[in-house]
Structure formats: C-alpha cells, structure tokens
Amino acid sequence: MTTITAETAREVDARACGCCGRSLPPGRLAELGNTPGVFICASCGVWAARRSTRVPVLLLDPRLPVRWLRRRMQSRQDPVGIAIPILPSADLDRTAAFYQALGLQVTGRYDGYLVLNAGPAEMHFTSDGDVASPGQAFVHVADAGRLWKQLKNAAVAGIGPMEDQPHGLREFVVTDPDGNRIRVGSPIPDP
C-alpha cells in the first residue's frame, strides 16, 4: 500500500515550465501548440516574445482597467459617478488637433472614437453620429479668466468672449470645427 503525502499530491497537481523549470499549477502554464505536453509560464513567454522581436512586448493584466475604474468610482462620494460628454466629429484627426491646442491630450483612439483628457476633465468624440446637430458640454476650471487669456494670447480659434453670468460663474465658449460648444467656467472671484 502506498500513501501520498500532501506535498507529493501538490507535486502531482503542479507542472513544470519547460523553460525555467519552476513548478506551477496547471492554470499558470500554457501548453505549447506544436509540442504537446510541454508547458511554459507567462514570464518565460514574455521573455521569449521579447527575444523574437524589436517591438516592445508588455505583460498586461486585462483586469487593470476594471480595477482602475472601480478605484475611481469608489473614491467618489456621490452614487451617480461621473458624466462624460460624447460629442460628434466629422474628422477625428482635426478634432484631436483642435483640442490639443486647448491643452487636452489624446488618451484613447479607436475606430470612430476619440478620448481626450486634461487632468480630471475627460471628453469623448465619435464620428458615427450626425454632425449636423452639434453637442454641448460644460467644463469647470480653476480660473476661467486666466485660461481665456492664455488661449487668446495663443490665438486659438473658436474662443468666444469672457462673460460674468448672473448665476455666479465667469464663462467663455469654445466652438470647435464641428460646431460643438464647450462652455468653460469658474466662480467669479470675490472683489
């Protein structure tokens, strides 16, 4: 009669990487397609991929974007979360260039879709919609007057006049090449 100890049972369940020799559970190894019964771990797979090309190879966890979004939503106290405008664009390259002149950065580019960020402000554009009916959005900034002066001094197109509104905000409107109107505002400073 033979008895299997707990340690021996673990060794039976584990397989060894054909490259580095580490024993890992079957779920942490991938079987090589052309050589059945030969397994490789993720670290060795990335190493082999990096050796076979000049293109940078990264090991990304597909759960990272979801974790980032959960952390972002958990840090907010209100139950609604955030609202991000999705505005129409006839030409995403032109839209990207226009908003980059305003200080936003392209953080995502997909087929028919563009994502721009400036700090916590985020704007999305799509080329799938009807550009004949432009959209609108409002962006809160720390000092609308200072930003307006910077944009005017840089001769950025589409910048409207600065106005103090009766509801207590200092605002100006940016109109992009597709007719989208972005109202930018901050509280009127105390005199």
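The values are calculated or read from the model by the stated rules, or taken from the named source; none is laboratory data. Note that the structure is predicted; figures quoted are calculated from it, not measured. Neighbour counts run over all protein chains shown; Cβ positions are idealised from the backbone, glycine included. Please note that ligands, DNA and RNA were not included when accessible areas were found on the heavy atoms of the full protein model with its side chains. Shrake-Rupley method; radii C 1.70, N 1.55, O 1.52, S 1.80 Å.
List the trypsin sites (Lys or Arg not before Pro) in region 140-191 that DSSP assigns to loop (not H, G, I, E or B) and whose Cβ has at most 15 other Cβ atoms within 10 Å. Which are they?
Working: sites: Arg146, Lys149, Lys152, Arg170, Arg181, Arg183; in loops: none.
Passing sites in region 140-191 do not exist.
The slack in the chain from Asn34 to Ala48, taken as 0.36 nm per residue of separation less the alpha-carbon distance, amounts to 3.5 nm.
Per-residue surface analysis assigns Leu32 an accessible area of about 70 Å², computed on protein heavy atoms at 1.4 Å probe radius.
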